[in-house]
Amino acid sequence: MAERWGTDRVAKLAPDPQSLRAALGMASPGRWETYGADERLLWGLCGGSGKQPYRTAVDRDGPAYTCSCPSRQGDGSRRSLRSRRGGYEQHPCKHALGLMLLWATNLVPEEPAAPAFAAEWAAGRRRAPVAQPTERDEAAAAKRAHDRHQRVVDGLAELDRWLRDRVRTGLAHVAAEGFAPVEQVAARMVDAQAPGIAGMVRRSAATPVSGSGWPGRLLGEYARMRLLVRAYEQVTALPPELAATVRSRVGFTVSRDDVLATAGVRDRWAVHAVRDSLEGKVDTRRVWLRGTESGRWALLLLFAAGAAELSAHADAGLLPGTVLDAELHYYPGRPALRALIGARHGELTAAPSPIPQPVDELLDHYATALAEDPWLGEWPALLAGVPEEDGPGWRLRCAEGAVPLQPAGIDMWPLVATSGGAPVAVAGEWTGMALRPLTCWHGEQAVRL
């Protein structure tokens, strides 16, 4: 029997979180007419919108994928250079990902022989020379890019009208109308292949129930969305790094291969904070690292599909209090923050307690980052202070002054107990209004909050 992959390994093959979410809907036996596996291949027939089922096959030696679906979501149909094999292969579509997730969870039976469509495709792969991009391939890729750009433009034009209508008619009725109108607009942004701004729209639905002062906060969120709409209108005229930031915020993705092809930054990267969240049906972990020599921050995003736990991820050992000697490759855009791990130079080791930064330094760095990316949601922070109650809330009293704490979803009492009334190092995320504490240190011991 062939070695069976884990769902975390399958999740890493998804070109972006949106593709992984779509694949979860395909990882159900009821969606497939038939499926099977042998020592090398997976295959299946999946019902779609047409009369004929989609024919899907996966060659685990590569891996490589084929499917008769007309998928054009995200970059799922885009060809990308796979340097380890020296050729060009497609990213998996949602059907291929869903089939692999079924197989990873032991739901695909072993069969003695693959059907003709899968066997012929696999045999063709073995006989074929390394494929090179042709003018036709490049023309097709250019057409797909143009079509997606136009869909995004049309979708953002609708969003712009919706935002202007909301402001013109006033915000008084927003709290009473519920989530449904906002969800309709968010779904339209997904259809327009702008999942990033769809997330911004969805998050705005919670603002009217966020307490006193919500109209001002909601108006600020609308302003940032409108700024993104206007920025994308002129994305081709923007400086390259700013254009990359705008495209990223709209929802365009960059392949892992392209990121790993950039120059790496080697350092001893100390893990300062970790935050888990559920985005749709995908478990997400945000890992904040800081170079012990360069002082640079980096953000790693880890994903787990369905019931797969993040603890089973290959990088699950990256927890506060550890340090990794490795090369990180940053995604395009400014500020350079999100990264991927490239070459590793040794195993994880214990990290000493970090040296906190002054509050003024944090705010200066955040202001610089915000000028480069006005849609920045949070910024890494490392401060020292005493946690104390401040009326109905909490604050961290530092030597340079107090900063408010955002304790939502955080157990504050381990932080209070660790401090014991004395200054303690605290790492977390600065939201622009408050610090979300995620880690504190008791001597050399990191305490995850």
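The calculated 222 nm mean residue ellipticity attributable to helices in the chain amounts to -11000 deg cm²/dmol, summing -39500 (n - 2.57) over DSSP H runs of n ≥ 4 and dividing by all residues.
In the elastic network of the chain, a GNM with C-alpha springs shorter than 10 Å, the most mobile of Val271, Val167, Val201 is Val167. Once C-alpha pairs closer than 8 Å and six or more residues apart are averaged by separation and normalised to the residue number of region 146-207, the relative contact order reads 40 percent. If I fit a long axis through the Cα atoms of helix 359-372 and take the longest principal axis of the Cα atoms of the chain, what angle between them do I get, 0 to 90°, rounded to 10? In the chain, helix 359-372 runs at an angle near 40 degrees to the longest axis. Whole-Hz Karplus values for region 239-255 come out as x, x, 5, 5, 4, 5, 5, 4, 4, 5, 5, 5, x, 6, 10, 10, 5 Hz, taken residue by residue from phi with 6.51 cos²θ - 1.76 cosθ + 1.60 and θ = phi - 60°; glycine and proline positions read x.
Based on Cα contacts under 8 Å between residues 6+ apart, the chain shows a relative contact order of 11 percent.
In a solvent-free Debye calculation with one equal scatterer on each Cα, what is log10 I(q)/I(0) for region 122-253 at q = 0.11, 0.16, 0.17, 0.19 Å⁻¹, listed in the order of the q values? These q points yield log10 I(q)/I(0) values of -0.50, -0.83, -0.91, -1.07.
Take the chain with all the other protein chains still there, run a 1.4 Å probe, and you get 48 Å² of accessible area per residue. Result for the chain in a Gaussian network model with C-alpha springs under 10 Å: among Gly25, Gly377, Gly213, the largest mean-square fluctuation is at Gly213.
Taking the protein heavy atoms of region 162-245 in the context of the full set of protein chains, the accessible area attributed to carbon and sulfur is 60 percent at 1.4 Å. Surface composition of region 1-43: carbon plus sulfur atoms contribute 46% of the solvent-accessible area (1.4 Å probe, protein chains only, all chains present). Once you sort the root eigenvalues of the Cα gyration tensor of region 344-449 as a ≥ b ≥ c, which label holds: rounded (a/c under 1.5), prolate (a/b larger than b/c) or oblate (the other case)? Taking the square roots of the gyration eigenvalues as a ≥ b ≥ c, region 344-449 is oblate.
The C-alpha atoms of the chain define a longest principal axis, and helix 180-191 lies at about 50 degrees to it.
Taking Cα centre as origin and charging only the Cβ of basic (Lys, Arg, +1) and acidic (Asp, Glu, -1) residues, the dipole magnitude of the chain rounds to 1200 debye. Computed from label points 7 Å out along Cα-Cβ, the spacing between Glu177 and Trp413 is 4.3 nm. Students often forget the sequence filter, so: which aspartates and glutamates lie under 20 Å Cα-Cα from Lys51 once same-chain residues fewer than 8 apart are removed? Within the straight-line limit of under 20 Å, Lys51 reaches these aspartates and glutamates: Glu33. The angle between the Cα long axis of helix 94-104 and the main principal axis of the chain comes to about 90°, on a 0 to 90 degree scale. Volume of the convex hull of the chain (Cα atoms only), normalised per residue: 170 Å³. Each Cα pair under 8 Å and six or more residues apart adds its separation to the average, and for region 232-387 the resulting relative contact order is 22 percent. Under a 5 Å amide H cut-off, with hydrogens placed 1.01 Å from N, His91 pairs with Arg78, Ser80 among residues at least 5 apart or on other chains.
In order along region 439-449, the Karplus-derived 3J(HN,Hα) couplings, from 6.51 cos²θ - 1.76 cosθ + 1.60 at θ = phi - 60°, round to 9, 9, 10, 10, x, 8, 8, 7, 10, 7, 8 Hz, and Gly and Pro are given as x. Got a number for carbon plus sulfur as a percent of region 350-449's accessible area, 1.4 Å probe? Roughly 56 percent of what the probe reaches on region 350-449 is carbon or sulfur.
The values are calculated or read from the model by the stated rules, or taken from the named source; none is laboratory data. The model shown is predicted, which means the values in this text are computed figures rather than measured ones. FYI the Cβ positions are ideal-geometry reconstructions off the backbone, even for glycines, and counts take in every protein chain you see. Heavy atoms of the whole protein, side chains included, go into the accessibility calculation; ligands, DNA and RNA do not. Shrake-Rupley method; radii C 1.70, N 1.55, O 1.52, S 1.80 Å.
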